[in-house]
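The values are calculated or read from the model by the stated rules, or taken from the named source; none is laboratory data. These figures come from a predicted structure and were not determined experimentally. Using ideal geometry, Cβ is built from the backbone for each residue, glycine included, and neighbour counts are taken over all protein chains shown.
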2 protein chains.
Amino acid sequence: MKTFETLDEAKKKRIMDAAIHEFAEHPYEQASTNQIVKEARIGKGMLFHYFDTKQALYEYLVDRALHVMEELSAQYIDGSEPDFIERMKGSAKLKMDVYRLHPDLFHFIGQVVLEKESKIPKALAARLEKMQQDGLTSLFSGIDTSKFRDDVPAEEVMKLISWSIEGYGKELLVKLDGQTFVELEMDSYIEEFYTFLSVLRRIYYK
Amino acid sequence: MKTFETLDEAKKKRIMDAAIHEFAEHPYEQASTNQIVKEARIGKGMLFHYFDTKQALYEYLVDRALHVMEELSAQYIDGSEPDFIERMKGSAKLKMDVYRLHPDLFHFIGQVVLEKESKIPKALAARLEKMQQDGLTSLFSGIDTSKFRDDVPAEEVMKLISWSIEGYGKELLVKLDGQTFVELEMDSYIEEFYTFLSVLRRIYYK
DNA sequence: TTACTAGTTGACCACATCGGTCGAAGTATG
DNA sequence: CATACTTCGACCGATGTGGTCAACTAGTAA
């Protein structure tokens with residue numbers, strides 16, 4: 001790990017991308033260091049020179065992934081915004097940007113969470129749990145529920161809205177699958193998303 | 001395969017359950033026949049006596065799975081029902097019962113669909129595709145859209161409703177996770193589900 | 001030129017697991 | 001006792017694993 005940090009950025013990125021990609025697609029035991037060095041176009045020796053063991057590489061990646069998510073979450077999600085849909089908008093944009101900039105990050109973190117017996121030290125596990133916890137509370141607490149229609153419980157309104165946005169996002173991902181994003185196109189998708197949110201507002205707000 | 005059909009039901013079920021479970025959790029190449037015989041509590045020799053190869057076992061399982069799904073789909077989904085939510089109700093009940101009676105069936109079929117280069121012969125692949133196609137059309141075509149509220153396009157109303165039901169179902173699964181189902185409890189969940197549907201009706205119908 | 005260093009490689013190691021085989025032991029029937 | 005049918009799991013060659021290490025390269029200093 002000592003020498004890894006001093007590598008030129010391009011090679012560092014190649015290695016981390018390859019490793020995150022591999023760990024995103026397979027659980028820890030099935031993820032192959034052979035596959036990682038092949039995709040990163042480095043010799044096997046180098047990987048074990050930078051990281052003494054597969055486990056050390058894994059923990060390094062989890063740490064970096066959590067770091068990125070922590071930074072972005074703070075940046076995108078405003079816990080003081082009382083309007084539910086407005087807050088969901090931030091969360092949706094967060095997801096979109098993560099998908100664009102770090103396509104494998106969500107899958108990677110997902111795999112870490114799914115791991116049967118946690119492969120990570122307590123300190124990392126705690127950060128991971130905190131992130132999950134914060135993700136929920138920062139979305140659903142401190143919301144001004146008086147704006148919602150009265151004939152459905154506020155709790156249920158929030159669930160229905162988030163399920164709808166989730167479904168919309170999933171459909172969008174399928175539509176975008178494989179497409180290379182030009183910024184201009186992206187803007188039109190965001191436009192469409194905002195109209196979708198206004199529909200939800202019409203349906204679920206007074 | 002000749003002798004397999006003549007086994008006593010209990011052993012047959014043990015083997016099929018074990019095999020479907022294994023193929024549901026891993027893609028074809030990673031699924032282990034060793035694991036299957038262990039879980040089914042039979043010797044390895046027997047498995048390769050009933051099915052000559054892993055591939056033959058796999059194809060047999062896909063055929064049986066499709067058979068079950070085809071039967072149940074016909075039984076639960078009424079393509080002539082013009083009310084959208086009513087039709088979704090049938091589909092939701094189908095899913096619930098499959099989860100109860102054949103817990104690994106959905107995952108198994110999902111894995112078959114995900115397989116990069118299809119491991120199944122054309123005849124099976126065609127049945128699989130037909131099932132997926134029918135699943136979509138039988139849910140969304142021939143619906144009486146005049147009942148929907150006018151300020152949102154009918155297409156979008158149907159998506160919103162199905163996303164909401166999907167979210168509800170997923171939450172229910174988490175709640176039920178690990179719980180052993182007593183029929184009585186089950187009824188109360190169905191009751192709750194019907195109230196949920198009536199909420200959706202209030203929201204999305206005129 | 002020579003000597004030393006730092007970076008890099010992939011053949012190689014012991015081990016595990018894979019799909020599949022097969023000789024032998026067990027059981028039932030005659 | 002003999003014959004036939006089940007059943008088992010040790011075993012096979014092939015493949016893949018995380019990790020090592022002798023050897024090669026390129027640059028620098030004397």
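Only one residue in B:ASP187, B:ASP177, B:ASP134 is assigned by TED's automatic domain parsing to the domain that holds B:ILE15 and out of contact with any Gly (no Cβ under 8 Å at 6 or more places or on another chain), so which one is that? Can you show your working first?
Details: B:ASP187 fails: assigned by TED's automatic domain parsing to the domain that holds B:ILE15; B:ASP177 fails: assigned by TED's automatic domain parsing to the domain that holds B:ILE15.
Checking each option against the conditions leaves just B:ASP134.
In the list B:LEU47, B:LEU124, B:LEU114, B:LEU72, which residue meets the criterion of being within 16 Å of DNA strand D (Cβ to nearest atom) and either of a type outside the set (Lys, Arg) or surrounded by 15 or more Cβ atoms within 10 Å (Cβ to Cβ) (or both)?
B:LEU47
Could you please find all residues in the stretch A:8-34 being in contact (Cβ under 8 Å) with a residue 40 or more places away in the chain and either out of contact with any helix residue (DSSP H, G or I) (no Cβ under 8 Å at 6 or more places or on another chain) or under 17 Å from A:GLY45 (Cβ atoms) (or both)?
A:ALA19
Restricting the search to the stretch A:96-110, which residues are of a type outside the set (Phe, Trp, Tyr) and over 8 Å from the mean Cα position of the chain (by Cα)?
A:MET96, A:ASP97, A:ARG100, A:LEU101, A:HIS102, A:PRO103, A:ASP104, A:GLY110, listed by residue number.
Tell me whether the stretch A:112-119 contains one or more residues that are touching a Lys or Arg at 6+ places or on another chain (Cβ under 9 Å) and either modelled with pLDDT under 95 or within 12 Å of another protein chain (Cβ to nearest Cβ) (or both).
No, the stretch A:112-119 contains no residue that is touching a Lys or Arg at 6+ places or on another chain (Cβ under 9 Å) and either modelled with pLDDT under 95 or within 12 Å of another protein chain (Cβ to nearest Cβ) (or both).
Run A:GLY79 past the list (1) on the phi < 0 side of the Ramachandran plot; (2) in the same structural domain as A:LYS12 (by TED's automatic domain parsing); (3) modelled with pLDDT of 95 or more and report the number of the one that doesn't hold.
(3)
Is it true that A:GLU5 is more than 9 Å from DNA strand D (Cβ to nearest atom) and at pLDDT 95 or above?
Values: more than 9 Å from DNA strand D (Cβ to nearest atom): yes; at pLDDT 95 or above: no.
No: the conditions fail for A:GLU5.
Just to verify a result, which residue in the stretch B:50-67, among those that are within 27 Å of B:GLU129 (Cα to Cα) and of a type in the set (Phe, Trp, Tyr), is surrounded by the fewest Cβ atoms within 10 Å (Cβ to Cβ)?
Filtering the stretch B:50-67 for residues that are within 27 Å of B:GLU129 (Cα to Cα) and of a type in the set (Phe, Trp, Tyr), the one surrounded by the fewest Cβ atoms within 10 Å (Cβ to Cβ) comes out as B:TYR60.
Among the numbered conditions (1) assigned to a helix (DSSP H, G or I); (2) within 13 Å of DNA strand C (Cβ to nearest atom), tell me where A:ASP63 comes up short.
(2)
Across the stretch B:31-60, what is the total count of residues that are assigned to a helix (DSSP H, G or I), more than 6 Å from DNA strand C (Cβ to nearest atom) and closer than 23 Å to B:PRO121 by Cα?
Taking the stretch B:31-60 and keeping what is assigned to a helix (DSSP H, G or I), we get B:33-40, B:44-50, B:54-60.
Subset that is more than 6 Å from DNA strand C (Cβ to nearest atom): B:36-40, B:46-47, B:49-50, B:55-60.
The next check asks that each one be closer than 23 Å to B:PRO121 by Cα; those that pass are B:36, B:47, B:49-50, B:55-60.
Within the stretch B:31-60, residues that are assigned to a helix (DSSP H, G or I), more than 6 Å from DNA strand C (Cβ to nearest atom) and closer than 23 Å to B:PRO121 by Cα number 10.
List every residue pair whose Cβ atoms lie under 7 Å apart, where the two residues are 6 or more positions apart in sequence or sit on different chains, the first residue falls within the stretch B:122-142 and is free of Cβ contacts under 8 Å to residues at least 60 places away in the same chain, and the second residue, located anywhere, is part of a helix (DSSP H, G or I).
Final answer for the pair search is B:PHE140/B:MET158.
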